[in-house]
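Please read the structure below before turning to the comments.
The values are calculated or read from the model by the stated rules, or taken from the named source; none is laboratory data. Keep in mind it's a predicted model, so treat the numbers as computed, not measured. Cβ atoms come from the backbone with ideal geometry, glycine included; neighbour counts cover every protein chain shown. Please note that ligands, DNA and RNA were not included when accessible areas were found on the heavy atoms of the full protein model with its side chains. Shrake-Rupley method; radii C 1.70, N 1.55, O 1.52, S 1.80 Å.
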Amino acid sequence: IMEQTHYTLVQKNRKRANAPWYIRVRTGSSVRDILVGTDRGKAEVELMKVQLTQKELLASGTPGNPLDALAIEQKRASEPLGSIGGVLERWEAKRRLEGFREQSIATYGRALRNMLGDVPVSSLDEALVARVMDSTRHLKGSTRHNYAAALKNLFRFLKRPDLVEAVPSVQPEESEHNWWSRDEMARIISAVDCKDPIRELQFREYLEVMATVGSRQGETGLLRWKDLES
């Protein structure tokens, strides 16, 4: 039986300021530590990437070291292809490696595909950016603002500061919502009534998360503990 490898985060020399963090790789009695830096947040993200890659390899039955697989995926994500379609695949892979939420990646990806189609990367220039943004003038300010942000994110990935600068600044329209106060939201949650007391508690907890985090219905329903911990 093949021994499974476990990955954990450890810090050495804790008494020292900015003590380094390591990913500890343990297979049976074999242990080795890989330096990941002094920033705990970034170290936790790196550990999460390795553990996620390990789960994907196990689920697909693919043999291999998740550290090697992750390094290969990171290299592929840093090498854009010739067309926008190919670039977006690499861009989405890189965003996942960086810990972006899947819903955000999908939203940005759809916006970029709608705007750019599948044009060759070599044809991207300031004039094309201007035409693309001009074609969104009929959309709401908040939507155009998100589209502009998506373009800038992609152009940074392509290392094209000239195109980043070419994206016009778009201000989202001012919201006309009258926001509920904390007390009003508490009264709404306490007014939830359900025949099943367990379901009633679940509905109240669901609404409390939405009110606290500021998430939409679908985002709240898809939340996992790892999302909150990261």
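Order the peptides 102-111, 46-55, 59-68 from the highest to the lowest mean number of other Cβ atoms within 10 Å of their residues.
Numbers: 102-111: 14.9, 46-55: 18.1, 59-68: 11.4.
Ranked by mean Cβ neighbours within 10 Å, highest first: 46-55, 102-111, 59-68.
For the chain, report the % of Cα-Cα distances exceeding 27 Å.
Working: 14647 of 26335 pairs.
Here the long-distance tail beyond 27 Å is 56 percent of all Cα pairs in the chain.
Rg (Å, one decimal) plus Dmax (Å, integer) for the alpha carbons of region 100-172?
11.6, 31
How many Lys pairs in region 83-230 lie less than 21 angstrom apart by Cα atoms, where the lysines are 8 or more positions apart or on different chains?
Total qualifying Lys-Lys pairs in region 83-230 comes to 4.
Say the dipole of region 95-214 comes from +1 at the beta carbon of Lys and Arg and -1 at that of Asp and Glu; which of 151, 124, 181 then lies farthest toward its positive end?
Of 151, 124, 181, it is 124.
Among the complete DSSP H segments of the chain, which ones combine at least 18 Å of alpha-carbon extent along their axis with a mean Kyte-Doolittle hydropathy of -1.0 or more?
40-60, 84-97, 102-116, 141-157, 197-213
Skip the ligands, DNA and RNA, and give the accessible area per residue of the chain with a 1.4 Å probe, whole Å².
Here the residues of the chain average 69 Å² of exposed surface.
How much of the accessible area of the chain, probe 1.4 Å, is carbon plus sulfur, in whole percent?
Here carbon and sulfur together make up 52 percent of the probe-accessible area.
Based on DSSP H runs of at least 4 residues, each adding -39500 (n - 2.57), what is the mean residue ellipticity at 222 nm of the chain after dividing by all its residues, to the nearest 500 deg cm²/dmol?
The helix-only estimate for the chain comes to -17500 deg cm²/dmol at 222 nm.
Students often check this: by mean Cβ neighbours within 10 Å, which of 202-208, 149-155, 214-220 ranks highest, and how do the rest follow?
Output ranking for 202-208, 149-155, 214-220: 149-155, 202-208, 214-220.
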